[in-house]
Every structure is written in structure tokens, then in C-alpha cells.
Amino acid sequence: MSATSPTFVDRVVLHVAGGDGGNGCASVHREKFKPLGGPDGGNGGRGGDVVLEVDPQVTTLLDLHRRPHRSAPDGRFGMGGHRSGAEGEDLVIGVPDGTIVRSAKGDLLADMVGAGTRFVVAAGGRGGLGNAALASPRRKAPGFALLGEPGETRDVVLELKTLADVALVGFPSAGKSSLVAALSAARPKIADYPFTTLVPNLGVVEAGETRFTVADVPGLIPGASEGRGLGLDFLRHVERCVALVHVLDGASLEVDRDPVSDLEAIEKELAAYRVDDGTVPLQDRPRIVVINKADVPDARDMAEIVRADLERRGAPVFVVSAVARTGLRELGFAMAELVRAARAAAPEAVPTRVVLTPPAVDEAGFSVTREEYGDAEARQVRFRVRGQKPRRWVRQTDFTNDEAVGYLADRLARLGVEDELFKAGAVPGAEVVIGDDENAVVFDWEPTMVSGAEVLGQRGSDLRLEDHSRPTRSVKREQERERRAAKVAARSELEAERRAGHWTADDDSHDPAVDPAGGEPPTEGR
């Protein structure tokens, strides 16, 4: 890793994929004197989940920045003897406390606060059922199994919002890092040039019985809320702070700057920054104004000039020197008072995540829409089936197995897909698409006449080719009339042959035309 590689990362795009489910097994139990003992194929194992978990030992997203592609193990295939495949292990990724999880579109998915908080960012696929689980009274020996479902894949954006009680904000080189070093045991980088601080620095401060954390937010400049400088990258670290401390440079060498104009510029940027819904705007939070560098004579004179003007804005004003360590005790107790008041007013914190989930999808629902495509001269029509169950069933089907395809057709018919296709105007041979455009299954639709996937015959025969439909009462009557008519015609033909001398009988009593009781006619030439 080069010397210029970042050591602190607070935003990263993570590409995650859950493990694929294992395929089910199609197997038949065999043993001595019992070659066909019934189906015994086991189910496939479930794929592993990709889980984000708050880890107190992780303070940055640097590891995810270096390795942004993460995937969980797949589930194992089912085996014969009713042996199910092993499930894939979950992939647990440690993230810092205060991490925000957003979708690629910017929707909030999870606000992870508190050690041990977990969020499943990509679920593993279900394992496919083996033929033992697919057996039923109508389908005693399935010759197929279901495939495992692929794991969920998605891109998410992780943002780290520092968990601090007080944020120090101000222009570059105002002395924020020096204040953190003077108030706490933190040792941030300090230098005499702008933008020395490139990452937020945290320090723990004790004032009496109150302990709180202070964050040194990198320098802000006009236009920071619109992305200038480091503003947008680090303004989000201010969102979790309950109080703000404006650090003003009392000894600035720039002729167009003074503490009052600096305060107005920073307040404007804080007001322009949009926070999440339900969060107190930055400009409405308790604040303290600090005029730093009081060890410089010009800074003390400037503080006396502007102090009254700053106090009229409603915030207490402190004149301090981080170098000489003057005024720090009073400042520390003032910040502690703001923290105590905020903690008393806030509800009891529960270390758990706040998760926003998309609306629930009705798995039983589906839709069939008619689509036209192609140029104006040769318009073509297709029918698209959308729904959670049809998409999942298509993913589970082995299209190289005719019996599995028949099982899919039965499931779709029972769900009502065929009825909806008829209502939408589909005819046999119409193009039907199931699923999204990327992984859709396209086929020429033929209405299901018989289920076919449940019936199996003896070796060398296929009961699916026979007609097992049950005749109606009218059909039975017609068949009976045809049998009687055929019987009368046969008797008439035999009588005609006898009269013509084609065959003779020793005893005419056995003539079926003479004897009403009937009987077998004598063989010819007897």
C-alpha cells in the first residue's frame, strides 16, 4: 500500500451477493430385493447471508474501501438417502458504530447504532426441494428436483456518521484540532496551514462527573453545503452531535475576515445542509461560540470588540487559548452542561438499528400485461407475467427435464396464470415472458390440458399418453347404444352367413340367432 493511500474512509460503495441455494436431488432408494424403493432425494442447502454488524473495534470503512466486493458461500447440493445439503455460512462484515446503509438510489435501509447491531444486506437463496419432498399421493415418484434459488445481489452505500456529543466547527486553521488536543488525550495532526485535518478527530473530555466526546470536524468554507472544499464529506459527521461549538479565529491575517463574518458564513452553511427527516436541523441545535488564540495580543483586542455583538446572537461566548490553556476549564463545563441537558431531554437510547424496509410484496399476487414491440410495420405482441411466485418458480425449474417443466406448468395453472392469459387475449403459440428483462424466460405458450407430471407408469409404458378423463353420463349412454347396435349387427351377419351355407352346426339349438339365451357359434367346418 502506497504512502498516499487513505487511512480513514467514511463513505464506500459495497457490492454484496448472498450465497446461491443448493439444488435438490432426484434419487430413488435401492437395496437388495427392492430395486425401486421410492424417492429419497434430499433438499439443497440454503445460501449464506451477507450481514453487517457493528463492531466496536472497527472505526473506519477502510477495509471495505479496499475490498468492496463481498459474497457469502453457496449452499451444498442435496444427496440421496434423504440427505440434505449443508447450508452456506453467513458472511459477517464488521462496520463502525453509527454507519448508515443506503440503497444505490439513496433510500435509507438501516441506521446502525449500538454494538452488536446486525442488518442482513443480502439474503442467501433458498435451497431446492429434492424429489422426496415433492412426492405426494398423486405424484408418488417424481423424476425431478427443484433448483436452488440464486442469492440476492445489490449495491449499497455505507456512510459513517461520527458518534460524538459535541462538534467543533469553524474555518480552516481556526484551532479546532488544538482545542481537541488541549481538552482531551487525543493527539491530532496540528500544523500552520489550512486543511491540515483531513479526517474527523475524536477526543473524550471529562468535566466534573460528565464525560462526553468531542469531534473536530475538518475546516468548512463558504459553499461547503454545495460540495466545496471538504464540506459535504464531513458535514454529515455533525448530524449526530447534540451541540455545536463555533471556533472562531481571533488572529486571522486575512483582511476580509473577522469573527463575526466567520460565524455568519458557517451558520449559513449549517442552515443550508439538509439532514434526514426526523433529525433536528443543524442551525437549531444548542451552540457555544469560542474565540480562540487569546494568547495573541491582536486576538484579545478583537475579542473585546466583537464579544458584545456575538452575545446578542443568543449563544454564550468564551475567549480561550488552546496553546496557553486559558479558559479551557470554563469551556469544558459549559459544553458538559449542554450535553447533560440534551441527554436528559432525549429518550432512553436503545442500542438497536432503525431499519426502513420497502413495502411488503404480496407473494400470492401476479399480473399479466399485454406488450407490443417492434417497428410500426411489423408490430408483435407478447404477454409478460410479473409476480414473486412465478419468478421464483422459474428460477427453480430445470428446463432440461420435461417432467420438471410440466410441474412448472401445473403450478402456474393452479395459481391462475393461464386464466389471466386467456383474459388478456393470449392464444396457443403466443409469446409469454416471465420475469424481468435481464433474466426473463421466454416461451411459446400452450395451454395445459392435463397435468402429466404426477403420473408415472411401469417401465416401457407412459400413462401420460393415455386418456384418463372420466366420461359423462350422456357419453356413457351413447357408448351403450353403440355397443347394442354393434351386437345386433353382428348377429344379423352371422345369421346371413348361416343361411348362405358358409358354416353348419350339429345342433341348431346353439345357433345364437335361434337360441335367445345366446351362445358361442360353432366353428366353420365342424
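Just a few scattered comments:
- Verdict on Arg353 being touching a strand residue (DSSP E or B) at 6+ places or on another chain (Cβ under 8 Å) and either open to solvent by 50 Å² or more (accessible area, probe 1.4 Å) or at pLDDT below 85 (or both): yes
- Of the strands (runs of 3 or more DSSP E) that lie entirely inside segment 191-295, those containing 3 or more residues that are at pLDDT 80 or above and open to solvent by less than 50 Å² (accessible area, probe 1.4 Å) span 210-216, 243-249, 287-292.
- All of Gly114, Gly106 fail the test of being surrounded by fewer than 18 Cβ atoms within 10 Å (Cβ to Cβ) and closer than 29 Å to Val214 by Cβ, apart from Gly114.
- Pairing each residue of segment 55-72 that is buried (at least 16 other Cβ atoms within 10 Å of the Cβ) with any residue that is of a type in the set (Asp, Glu), provided the two are 6+ apart or on different chains, yields C-beta distances under 8 Å for Thr60/Asp10; Leu61/Asp10; Ala72/Asp49; Ala72/Glu89; Ala72/Asp90.
- Residues satisfying the stated conditions in segment 278-318, i.e. touching a residue at least 60 places away in the same chain (Cβ under 8 Å) and under 18 Å from Ser173 (Cβ atoms): Val290, Asn292, Lys293
- Of all the numbered requirements in (1) out of contact with any helix residue (DSSP H, G or I) (no Cβ under 9 Å at 6 or more places or on another chain); (2) under 22 Å from Glu149 (Cβ atoms), Gly37 misses one, and that requirement is (2).
The values are calculated or read from the model by the stated rules, or taken from the named source; none is laboratory data. What you see is a predicted model, and the numbers here were worked out from it, not measured in a lab. Here Cβ is always computed from backbone atoms with ideal geometry, including for glycine, and neighbour counts include all displayed protein chains. Note: areas computed on protein heavy atoms with side chains; ligands, DNA, RNA excluded. Shrake-Rupley method; radii C 1.70, N 1.55, O 1.52, S 1.80 Å.
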